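Here the structure is laid out as structure tokens; the discussion comes afterwards.
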Amino acid sequence: LHVPLGRIELVQRYVGAGGGRITLSTLGGKRWKRQKEQVEGAVRDLAGELLRVQAARAATPGISYPEDTLWQTEFEAEFPYEETDDQVSAIAAVKHGMMQSTPMDRLICGDVGFGKTEVAIRAAFKAAESGCQVAVLVPTTVLAVQHERTFASRFRAYPFRIASLSRFKTPAERKEIIEDLEAGKIDVIIGTHRLFSKDVRFKALGLIVIDEEQRFGVEHKQRLLQLRTTAD
């Protein structure tokens with residue numbers, strides 16, 4: 001297709017998702033129209049599901065967590081660093097949302113090294129202490145291992161079980177973790193896309209933490225929607 005030099009802004013480099021080979025359509029043919037119609041239908045379906053879940057979350061009572069306990073206060077006092085003002089503000093906002101009767105949706109933004117993980121850890125402690133399970137979704141196996149160590153270190157003085165689910169675990173270990181998760185024997189599970197698998201079930205899921213949410217695809221978020229109707 002020839003484009004006049006005066007309209008060069010209409011020409012853009014194509015940046016596609018995934019490593020698949022792109023098949024071009026013929027100008028004036030029916031294939032491009034058909035593909036667009038299929039995509040429009042898929043987008044409508046996804047939008048409808050989003051609206052359905054959001055409506056269900058708005059109408060369904062969620063988990064209203066109690067005020068901070070002595071354990072929570074002691075746990076937070078063990079943090080080896082001094083909190084920044086933004087951290088204090090974010091932690092207070094998250095706790096406030098968790099104590100409301102409607103399910104919480106909250107986005108925490110911050111540069112690397114500014115303490116987002118500690119915000120998640122304190123929320124996870126609050127949920128676990130109240131008898132709810134916590135799912136921490138991460139995009140990479142390496143991050144799953146790092147978070148498991150960090151959470152385990154912070155929770156070491158308390159009777160909560162931390163586990164991770166990724167390809168670094170043996171088949172026997174994964175089987176045991178999945179069974180214990182469904183039985184309620186695991187309080188905080190950290191995992192990659194493996195947590196989206198249909199064989200992964202929770203006994204009392206109360207909080208979902210998504211690390212680097214933008215790195216999860218539409219199909220993964222669709223599965224996540226099915227998990228989180230009442231979870232914060």
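The values are calculated or read from the model by the stated rules, or taken from the named source; none is laboratory data. Please read these numbers as outputs of a predicted model, since none were measured by experiment. All Cβ positions, glycine included, derive from the backbone under ideal geometry; neighbour counts span all protein chains shown. Protein only, heavy atoms only, side chains kept; ligands, DNA and RNA dropped before computing areas. Shrake-Rupley method; radii C 1.70, N 1.55, O 1.52, S 1.80 Å.
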* Asked: Most mobile of Ile186, Ile108, Ile210 per a Gaussian network model of the chain (Cα springs, under 10 Å)?
  -> Ile108
* To do: Any chance you could give the angle, 0 to 90 degrees and rounded to 10, that helix 85-99 forms with the longest Cα principal axis of the chain?
  => 90 degrees
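Shape of the stretch 147-232 from its Cα gyration tensor (a ≥ b ≥ c, root eigenvalues): rounded if a/c is under 1.5, otherwise prolate when a/b > b/c, or oblate?
Working: a/c = 1.42, a/b = 1.33, b/c = 1.07.
Because its axes are fairly even, with a/c under 1.5, the stretch 147-232 counts as rounded.
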* Structure fact -> Cα-based Debye curve of the chain sampled at q = 0.08, 0.11 Å⁻¹ gives log₁₀ I(q)/I(0) of -0.39, -0.67
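Let me know the shape class of the stretch 14-83, please: from the alpha-carbon gyration tensor, a ≥ b ≥ c as square roots of the eigenvalues, rounded when a/c is under 1.5, otherwise prolate if a/b is greater than b/c, or oblate. Spell out each step's value before the answer.
Values: a/c = 7.48, a/b = 2.21, b/c = 3.39.
Because a/c hits 1.5 or more and a/b fails to exceed b/c, the stretch 14-83 counts as oblate.
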* To do: Pick out which of Val15, Val138, Val112 has the largest mean-square fluctuation in a Gaussian network model of the chain, springs linking Cα atoms closer than 10 Å.
  => Val15
* Asked: With every protein chain present, what is the per residue accessible area of the stretch 59-199 (1.4 Å probe, Å²)?
  -> 53 Å²
* To do: For the chain, find the longest principal axis of its Cα atoms and tell me its angle to the long axis of helix 116-129, 0 to 90°, nearest 10.
  => 60 degrees
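How much FRET efficiency would the formula 1/(1 + (r/R0)^6) give for Arg156 and Asp45, where r is the Cβ-Cβ distance and R0 is 41 Å, rounded to 0.05? Mind dumping the intermediate values first?
On the way: r = 45 Å, r/R0 = 1.10.
Taking R0 as 41 Å, the efficiency between Arg156 and Asp45 is 0.35.
Which chymotrypsin sites (Phe, Trp or Tyr not before Pro) in the stretch 43-122 sit in a loop by DSSP (not H, G, I, E or B) and have at most 13 other Cβ atoms within 10 Å of their own Cβ?
Listed in order of number, the matching sites are Tyr81.
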* For Ile210, residues with placed amide H under 5 Å, excluding near neighbours -> Leu137
* Out of Val11, Val94, Val142, any idea which swings most in a Gaussian network model of the chain, alpha carbons joined below 10 Å? -> Val11
* Could you tally up the Lys pairs in the chain with alpha carbons closer than 25 Å? Skip any pair fewer than 8 positions apart unless they're on separate chains. => 23
* **Acute angle (nearest 10 degrees) that the helix 141-155 long axis makes with the longest principal axis of the chain, alpha-carbon atoms** => 20 degrees
* Can you give the accessible area of Leu10 in Å² (nearest 10), computed on protein heavy atoms with a 1.4 Å probe? -> 110 Å²
* For the chain, which whole percent of the accessible surface, found with a 1.4 angstrom probe, sits on carbon and sulfur atoms? -> 55 percent
* Structure fact -> Reported to the nearest 10 Å², Met104 has, with a 1.4 Å probe, an accessible area equal to 20 Å²
* **Cβ-based charge dipole, the stretch 17-67, positive-most Cα from Val39, Leu51, Ser64** => Val39
* Give me the distance in nm between label points sitting 7 Å out from Cα along the Cα-to-Cβ direction at Glu67 and Ser25, one decimal. => 6.1 nm
